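K.L.:
Dropping a structure here in structure tokens format, bear with me for questions.
Just so it is clear, none of the values below were taken in a lab; they were calculated from the coordinates. Nothing here was measured: the structure is a model prediction, and the numbers come from that model.
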Amino acid sequence: MIEPGLTSFAAIVLAGGRATRLGGADKATIELGGRSLLERALDAVVDAAEVVVVGQQVPTERPVTFVVEDPQHGGPVAGLLTGRDWLFGHYPWLAVLAVDMPFLTATTVRRLHDAAVGHDGAVLVDPDLRRQLAFVVDTARLAEVDPGLEARHGRPVSMLLDALDLVSVPALGREHRDVDSWTDLRDLADD
């Protein structure tokens, strides 16, 4: 169970998708407002003791570990658990976020953490209460629901999250917005 107060944590940034609606572009390198989506994601986890980016290596100002999910293009469960497996340290909890959510901030992560106290974690939800790929989770509880290496491929994150006691945290402003297409990018730049 997560203890009150921001404690040492690690972060997993999921950046290894195929981005088919973006013509296969590397989402991590796409810019919005003069900053790459990866730079924005790393800003959101600035308080993390360690960060693993699951995706192709690109230049960053912050030291991070890059890893490709096993199996490659295995989906978000494979990415999340591969990222966790590559952590050097042991942390009581993880912050997990998709690289394509440019309006997540360190304050978002703190709100998720604070809401998770007494539970297995907390997940950001959009105005329609749909879970987003931005959450914090108790590391020990995540290990308990790990389906094992052979069963990670092609699994939705809901397969893991549904087995956990997660608090829903409503998104503020545009926190829940993501970049799945060039139209999304244009619309977010225009906002």
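K.L.:
Over what distance in Å are the Cα centres of segment 115-147 and segment 56-88 separated?
P.N.:
Cα centres, segment 115-147 to segment 56-88: 19 Å.
K.L.:
Residue by residue through segment 119-130, which ³J(HN,Hα) values in whole Hz follow from phi under the Karplus form 6.51 cos²θ - 1.76 cosθ + 1.60 (θ = phi - 60°), with glycine and proline marked x?
P.N.:
10, 7, x, 8, 10, 6, 10, 7, x, 8, 6, 7
K.L.:
OK, next. Which Rg and Dmax, in Å, describe the Cα atoms of segment 46-191?
P.N.:
15.0, 43
K.L.:
Hey, another quick one. Would you mind calculating the gained length between H153 and D114 on full extension (0.36 nm times residue separation, minus the Cα-Cα distance), in nm to one decimal?
P.N.:
10.9 nm
K.L.:
While we're here: Which ³J(HN,Hα) values in Hz, rounded to whole numbers, follow from the phi angles of segment 31-45 under the Karplus curve 6.51 cos²θ - 1.76 cosθ + 1.60, where θ = phi - 60° and Gly and Pro get x?
P.N.:
Per-residue couplings from phi come out as 9, 9, x, x, 10, 6, 4, 5, 4, 5, 5, 5, 4, 5, 10 Hz.
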